[in-house]
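See structure below.
The values are calculated or read from the model by the stated rules, or taken from the named source; none is laboratory data. Note that the coordinates shown come from a computational prediction; the quantities given were computed from them, not determined experimentally. Heads up, the Cβs are rebuilt from the backbone with ideal geometry, glycines too, and the neighbour counts pull from every protein chain shown. When the accessible area is computed, the model is the full protein with side chains, heavy atoms only, and any ligands, DNA or RNA have been set aside. Shrake-Rupley method; radii C 1.70, N 1.55, O 1.52, S 1.80 Å.
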Amino acid sequence: VQLQASGGGLVQPGGSLRLSCAASGIIFSRVRVDWYRQAPGKQRELVASITSVGTTNYADAVKGRFTISRDNAKNTVSLQMNSLKPEDTAVYYCNAGWTVPGLYWGQGTLVTVSS
């Protein structure tokens, strides 16, 4: 199983980014897929999740600004991030499996929110 995260970059406060996680060896529609993030000096935290039946959940810090979605045809999960804040700066990881956290991790993609 391999998860490939992409889409990170540098964005100004208030801007948007869209992260994508592509999978091989696992079918996203059959498992839970999460996005985690880890800021410098902080613990990794759960940001958003989507279950096999499409139920989504968000951390309070991102609720209303981030949207997780799944494309079954492409076997990808995306994280649309709007109204970004400096405190959203972190390495973002996709994670998949049947537990929390799941067994499989992507390599991480860096999001930097700065003017």
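Odds and ends about this structure:
- For the chain, the fraction of alpha-carbon pairs in successive 10 Å shells from zero, as %: 16, 52, 28, 5
- Computed from the C-beta positions of SER114 and GLN43, the FRET efficiency with R₀ = 22 Å rounds to 0.50.
- The H on the amide N of SER52, modeled in the peptide plane, is under 5 Å from the matching H of ARG32, each at least 5 residues off or on a different chain.
- Average Cα contact separation per residue, region 1-101, under 8 Å, 6 or more apart, as relative contact order %: 35 percent
- Counting only DSSP beta bridges with both residues in the chain, the antiparallel share comes to about 90 percent.
- Residue-normalised accessible area of the chain, expressed per residue, 1.4 Å probe, Å²: 52 Å²
- Just the protein heavy atoms count here, and of the accessible area of the chain at 1.4 Å, carbon and sulfur take up 49 percent.
- Using equal-weight Cα scatterers in the Debye expression, the normalised intensity of region 63-115 in log10 at q = 0.16, 0.17, 0.24 Å⁻¹ is -0.60, -0.67, -1.11.
- Whole-Å distance, taken between Cα centres, linking region 61-91 and region 1-32: 8 Å
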